[in-house]
Amino acid sequence: MARTRQTSSRGRRRGLEVRGLRRRDEVAEVRAPALPWPLAVVLAALGSAAAGWIIVAAPVVVASLTGPPRAITSGLKLATEIWLLGHGAGAMIGTTTITITPLGLSAVIILILSGLSGVAARQAVLAHASDDLPLEVRTRLVPRLVLSFTGTYVLAVGSVAFLLTTPAQLAKSLVGAVVLGAACSLVSVARVVGWDAMRTWPAWARRVPRAAAAGVAAVLVGACIALVSALYQGRGRVTELSASLGADPVGGFVLVLGELAYLPNLVLWAASWVLGAGISLGDGAVVSPTVTHLGLLPAVPVFGAVPAESTGRWVMAAWLVVGVAAGVVAAWTAVAPRRRARFDETSLVGGLTGVVAGVAVTAFAVLSRGNLGVARLVGLGPRPLELFVMACSLLGISGMAGGLVIGLVSRRRGGSRWIAAEPAGGSGEGPAKGLAGTGPDEETAPVG
């Protein structure tokens, strides 16, 4: 008598036990993918496109049906425009051209792409005898999976854009689909297959991406605090603008979803503000800690949080401490594990991680820019050149200073422990015994 039982939560792996022929504790595992990996990759890419579109279409279609009488096809076309807007293609809403990408929607698309591409990669791994694949197999498998997934996803997005949008939107949607599909599938496939792109990097370089991410996270935390403070101070104007729209309950719910889709954009705008670069609101309007010059703003509730012109003053420059703290956090993450590194090495690595974090903040902030129409509403968002200069210099200098201090303090403490490890008798074997078995671990090895 035979029976099967699940032995792994990863993929379709079954344990087969034959009673009467083998002992109960002996189980033969049968590895088998649910689908051939090429078919799994194609279905995962098409499913990612369909899932992203459905997430957008559901609330838009409901709002269209409950609002003024209109054809259902207009709601579906609007949902498709917004879905392509999440890929950076822009959208034509009525007579208004919107090019500000809702990064919240893009984040949802990224989660879908990452999850389904990982599922497809798992099917490819299950086609082999073991999860521990040889390096040459991993190196060969990763580009095949990434190119197949990305190509299928680009074909799906491009087909929809070709049928429903302008040539300019088609070109932008293709670029966005390539970037999103390739980046998400590469990360997910590499994780599932077990391929490490940084395996040949030196030890200090492998810590730079993680340290830069810590610096970016510190900037975003400060930006969130600034954004919440601005919304609280301008809550009266935000409430008035929301009431002036006169939306019904369903329309109000869709409006909230739209504001959530643009929430990451607002956080990045606040990041540009706290780093001193400021925000451009079109037609020469600028909002920064020290200078505020306003023009005509659209009747969007969140713009009620924009401070009055009289609030721009030098005391607000204290928000620059966010950039200083972010540089120190990046330096600490990069060099603190190596407590006996030279102080010049820790200073250089700390400065490098701060600059990398500044470049990353600038790149994300540029993606949050765009137009909300024409004329006065063009070029809304962070100011790229100013932000690049302020972010890289502020985080880079503070990271270098933080790395220098960490190196000096840690070197002094490490030297004290080294001397204390030598026995009082001064035997030649003392230091060797004190260091035996330690080796160049994370606490004692140099940065390189």
For the stretch 385-400, pairs from a residue that is closer than 27 Å to Phe343 by Cβ to a residue that is among the hydroxyl-bearing types (Ser, Thr, Tyr), with Cβ under 8 Å and 6 or more apart or across chains, are Ala391/Thr362; Cys392/Thr362; Gly399/Thr353; Met400/Ser347
Some residue of the stretch 116-125 being basic (Lys, Arg) and either under 25 Å from Leu367 (Cβ atoms) or not assigned by TED's automatic domain parsing to the domain that holds Leu46 (or both):
no
Qualifying positions in the stretch 355-381 - within 19 Å of Pro102 (Cβ to Cβ) and among the small types (Gly, Ala, Ser):
Ala363, Ala365, Ser368, Gly370, Gly373, Gly379, Gly381
Conditions: (1) modelled with pLDDT of 90 or more; (2) part of a loop (DSSP other than H, G, I, E, B); (3) of a type in the set (A, V, I, L, M). Met198 meets all but one. Number of the miss?
(1)
Does the stretch 170-181 contain any residue that is in a helix (DSSP H, G or I), closer than 30 Å to Gly403 by Cα and not assigned by TED's automatic domain parsing to the domain that holds Leu395?
no
(1) under 25 Å from Arg199 (Cβ atoms); (2) touching a residue at least 60 places away in the same chain (Cβ under 8 Å): which one isn't true of Val157, the others all being true?
(1)
Mind checking whether some residue in the stretch 76-88 is surrounded by fewer than 18 Cβ atoms within 10 Å (Cβ to Cβ) and either over 26 Å from the mean Cα position of the chain (by Cα) or at pLDDT 80 or above (or both)?
yes
Top-ranked residue in the stretch 70-95 [being assigned to a helix (DSSP H, G or I) and β-branched (Val, Ile, Thr); ranked as farthest from Thr166 (Cα to Cα)]:
Ile72
Selected residue (only one of Val56, Val41 is within 23 Å of Ala129 (Cα to Cα) and either at pLDDT 90 or above or outside the structural domain of Ala121 (by TED's automatic domain parsing) (or both)):
Val41
Just one of Ala331, Ala341 is crowded, with 23+ Cβ neighbours inside 10 Å, of a type in the set (A, V, I, L, M, F, W, C) and at pLDDT below 90; which is it?
Ala341
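For the structure I just gave you, tell me whether Ser64 is modelled with pLDDT of 80 or more and surrounded by 15 or more Cβ atoms within 10 Å (Cβ to Cβ).
Criteria not met by Ser64.
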Of all residues in the stretch 371-402, which are assigned to a helix (DSSP H, G or I) and modelled with pLDDT under 90?
Ala375, Arg376, Leu377
Arg70, sole failed condition from (1) at pLDDT below 75; (2) in contact with a strand residue (DSSP E or B) (Cβ under 7 Å, 6 or more places away or on another chain):
(2)
If we scan the stretch 124-131, do we find a residue that is at pLDDT below 90 and in contact with a Phe, Trp or Tyr (Cβ under 8 Å, 6 or more places away or on another chain)?
yes
So which residues in the stretch 245-287 are among the small types (Gly, Ala, Ser), in contact with a Gly (Cβ under 7 Å, 6 or more places away or on another chain) and either at pLDDT below 85 or in a helix (DSSP H, G or I) (or both), if there are any at all?
Gly251, Ala261, Ser272, Gly282, Gly284, Ala285
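The values are calculated or read from the model by the stated rules, or taken from the named source; none is laboratory data. On a predicted model such as this, the values are computed, not experimentally measured, just so you know. Cβ sites come from the backbone with ideal geometry, for glycine too, and all protein chains shown count toward neighbours.
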